[in-house]
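Down below is the structure, laid out as C-alpha cells.
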Amino acid sequence: MAGTMVPIALLLALVQSDRAVAVASGAGAAYALGNAVGGPVIGRLMDRRGPAPVLRITGPVAGGLLTATALGASSAPTGLLFAAACCAGLATAPVGASARAIWQDLTDDEDLRKRAYAFESTLSELLFVLGPSVVSALGWLLGARTALLATAVLLATGAVGYGQAGVVRRRAGAPARRAPRRDTRRGAAALSVLAAIALTAALSSALAVAVTAALRGQGSAAELAGSLVALQSVGSVAGGLVYGARSRGGDTFRRYIRLLVILTLALAALPTAVLAHRAGLSAAWTLVLLGGLLALSGLPMAPTGAEEFQLIGEMTARHRMTEAFAGVGSFIAVGGALGSAVTGAVADGAGSVAALGVPAACTCAALLLTLAARRPIAAVVAAAREEDRVPATTPDIESHSHEH
C-alpha cells in the first residue's frame, strides 16, 4: 500500500510546509520518474540475485530518503527535495512484480494462477482507494509531515518484511542464460502489449480529469470528482472478485481481447451523462447517471488488468519475470501521466464530452494494437515456453536485457 501513499503524502507534506503546489507536485513527479526508471533495474537484480538480499538494502534506503524529504520539507532547497524524492523512487523495489514472478514458481496450475492475477488486480484497486485515504486521515490527525514519515516507515518495513517471507527467501537468483535470438516479431509483440497496458493505465488518470471538467461544465462542485471516480474503483473491485471466483476456459489472448471490447463499450457510454444534462436532465440526476455509468465501466477493469499480467507472464521466461513485471509498472506510470496531460488538453480545447471520450479511445487503441500483433504475441508465448525448457548456461555468460 505504501506505493500508493507516497505521491499524495509528498504533495500534502510539502504544501503544508508552505511550498508552492508546483513544487509539491514536482516532488511527486520526481518520485514517480525515479520509480519508473529504477523498477526494472532493481527487478533485474532481484531475478539475478534473489529478492531477499536486494530488499534488505533497497527498503531502508528508500524509506530513509523519504524520511529525509519529510524532515527537510520546509527548509531544504527545492532541488535537493526533488533529488531526494527521485532517488527514493529509484530505490523503491518492485514488490508487486516480485510477487507475480513468484506465483509462477508456486504452482503449475494455470487456473490457480489466473485466480491469483485476478485477486492481485482487485487488491490493487482497493489499495489505490485506501492508500490516499489513509494518508489524508493521518495528515488530518497528526499532520502531513508525520503522514509522510509514516509512509516512509511503512515502505521500508514492508519491503524488508516481504523479503523475510519463507517463499521469498527460498527464491534464489537465476543463473545467467544465453538470451534468445532477437527478431522483429518479439519486439513487435512486446511493444504492442506494453503500449496497450500503458493505454489502459491512461484511462484512469484521464477519467479523473474528464470527470472534473464535466462537473465544472455543469456547475457542480469539482470536489465531487474524486468520489465519482471512486465508484469506478468500487465496480472494479466487484468485477474482480466475481471474475476471480470463476474458472475460465480459452487462451489468455482471447480473454484479454474480449475484456478490452467490453471495457471500450462501457467507457464509450460515459459522455451520455453530459449530453443528457445538456438535453435538460437536472444536475443532481446527471451526477447519479454519471456515477452509475462509472460503476458499470469499472466492472471489467480489474479482470482486464488480471489478463494483462497473465499475458505478460506467458510471454516472459521465468528467469526474467520480476524484471518484466517491473517494466510493466514503468509503462503504467508513463501511461498514467500521459492520460492526465492529454485529457486536460482535450477538455480545454474540445470540451467535457470529448474529454469523457478519451478513456474509451485509449482502450480502443489498446484493442487495435493487440489485435494487430496477434501472431507475434503467439510466437513469443511459444518461445518463452521453449526458453524455460532450455538449461541455464554458465554464470559468466551475461544475459541480455529483456525484450519488454
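The values are calculated or read from the model by the stated rules, or taken from the named source; none is laboratory data. Treat the numbers as computed from the prediction; the structure is a model and nothing was measured. No Cβ is skipped: glycine too gets one built from the backbone with ideal geometry, and neighbour counts run over all protein chains shown. Just so you know, the surface numbers come from the protein's heavy atoms only, side chains and all, with ligands and any DNA or RNA stripped out. Shrake-Rupley method; radii C 1.70, N 1.55, O 1.52, S 1.80 Å.
Summed over segment 295-308, the residues that are surrounded by fewer than 24 Cβ atoms within 10 Å (Cβ to Cβ) and either small (Gly, Ala, Ser) or part of a helix (DSSP H, G or I) (or both) give a count of 2.
Tell me, which residue of segment 47-59 that is surrounded by fewer than 17 Cβ atoms within 10 Å (Cβ to Cβ) and not basic (Lys, Arg) is modelled with the lowest pLDDT? Within segment 47-59, the match that is modelled with the lowest pLDDT is Pro53.
From the list Ala326, Ala283, Ala273, the one residue that fits, being in contact (Cβ under 8 Å) with a residue 40 or more places away in the chain, closer than 30 Å to Val54 by Cα and touching a helix residue (DSSP H, G or I) at 6+ places or on another chain (Cβ under 9 Å), is Ala326. Identify the single condition in (1) surrounded by fewer than 22 Cβ atoms within 10 Å (Cβ to Cβ); (2) at negative phi that Gly280 does not satisfy, given that it satisfies every other one. With (1) surrounded by fewer than 22 Cβ atoms within 10 Å (Cβ to Cβ); (2) at negative phi applied to Gly280, the lone miss is (2). Scanning segment 18-40 for residues being open to solvent by less than 20 Å² (accessible area, probe 1.4 Å) and among the hydroxyl-bearing types (Ser, Thr, Tyr) gives a total of 1.
Does Leu265 satisfy the condition of being touching a Gly at 6+ places or on another chain (Cβ under 8 Å), modelled with pLDDT of 90 or more and assigned to a helix (DSSP H, G or I)? In short, no. Among the candidates Thr363, Thr370, Thr343, the residue that is farther than 29 Å from Val274 by Cα, among the β-branched types (Val, Ile, Thr) and in a helix (DSSP H, G or I) is uniquely Thr370. One residue stands out in segment 283-306 among those that are more than 27 Å from the chain's Cα centre (by Cα) and of a type in the set (Val, Ile, Thr): the one that is modelled with the lowest pLDDT, namely Thr286. Cβ-Cβ contacts under 7 Å between residues 6 or more apart (or on different chains), taken from a first residue in segment 87-113 that is at pLDDT 75 or above to a second residue that is not in a helix (DSSP H, G or I), are listed as Ile102/Arg171.
Note on segment 315-365: among residues that are open to solvent by 50 Å² or more (accessible area, probe 1.4 Å) and among the charged types (D, E, K, R), the one that is farthest from Leu293 (Cα to Cα) is Arg318.
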